[in-house]
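So the structure is just underneath, and the comments pick up after that.
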Amino acid sequence: MACRSCKRQLLTLARQANTPVAAELSGALLGQQFHRVATKPIAHQQQRRGFRSTPTRSGIMGSIRNTIQKSSEPYRVVAATKEIYDACSKAAPYKIDPIAIKAGTIPKTPEGEDIGEGKGMWHDDFKLPPTFSTWSQVTMLHMYLVFARLRNLDRDAARSWQAQLVDHFFFDAEERMDLGHGISSRGLRNKYLKDLFVQWRGIVAAYDEGVAKNDAVLASAIWRNVFKAREDINIRDLAAIVSWMRLSLKMLDQMPDEALFTRAGTALRWPAKNEFAVVDKPTRVLADQLTPNNSSLAGAASSG
């Protein structure tokens, strides 16, 4: 027999879960759930207990398990989205020398952004500068892929996951502004964060349009956001990123909902530069038109 304090705590937990389990547990634990069976009208009525309505031990344990799981769901979502966000934010890392910031000797882009030090695929293979803008755009690009997958969940669950994922990003962005770039003014950071939020909303709309329409529209959205509409962009880079986005969306779509808690970040580990092999491969129409000499020349030009 459970003590009175344990019963009270268990019933409180069931009520907090906002499920019908509370009533079932109350009757099961306190022995107050009885079923009155009316008999023929006689001098007195006989009470009989309806054993079908009495929860079994397995039923009680299942109810408790479901209650605890629902109560802990928000905490699981926070932990899972933090792990997913960490995978997104590590795609294009960069560092800013704090001594150079204090001395005012840090190099700047033509737009006035601080240029740091960064290594990795997005800096080396796609020739993106190691700046806050590059980091935020590449991070939001990865976030969008997960953001789109979360739409397959129930509406309330999808909103919870998406809100937590976005919160992780903006908390990290503000911390980078403060500690990495020396922006100590909270008002100035809030101004930049508002601009960043507008960019995020525009990115979701632009990538949605590209995914729904065709690769050309999606490549245009990547060119405007990630590459800032540079005129010297390599079309081969855009094609590889488009192919990588399509592949990542497919991998995330094939992942069960429960796997999002543990394996969502694994779908983002496939490097976008690996899609160069797909981009450099001629289509069937071009393969029929290209001669062996032209095909070898095209391969040499792409490798160079």
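Summary of values
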| quantity | calculated |
| --- | --- |
| Residues of the stretch 222-234 satisfying the condition of being at pLDDT below 95 and under 18 Å from Ala272 (Cα atoms) | Ile233, Asn234 |
| Qualifying residue in the stretch 256-268 (condition: within 20 Å of Ala92 (Cβ to Cβ) and modelled with pLDDT of 85 or more) | yes |
| Failed item in (1) touching a helix residue (DSSP H, G or I) at 6+ places or on another chain (Cβ under 8 Å); (2) part of a helix (DSSP H, G or I), with Lys228 passing the rest | (2) |
| From the options Ala277, Ala219, residue that is more than 28 Å from Arg176 (Cβ to Cβ), at pLDDT 95 or above and in the same structural domain as Asp125 (by TED's automatic domain parsing) | Ala219 |
| Subset tally (residues that are assigned to a helix (DSSP H, G or I) and either free of Cβ contacts under 8 Å to residues at least 12 places away in the same chain or not hydroxyl-bearing (Ser, Thr, Tyr) (or both)) for the stretch 119-171 | 34 |
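The values are calculated or read from the model by the stated rules, or taken from the named source; none is laboratory data. No experiment lies behind these values; they were computed from the predicted model shown. Here the Cβ is made from the backbone with ideal geometry for all residues, glycine too, and neighbour counts use every protein chain on show.
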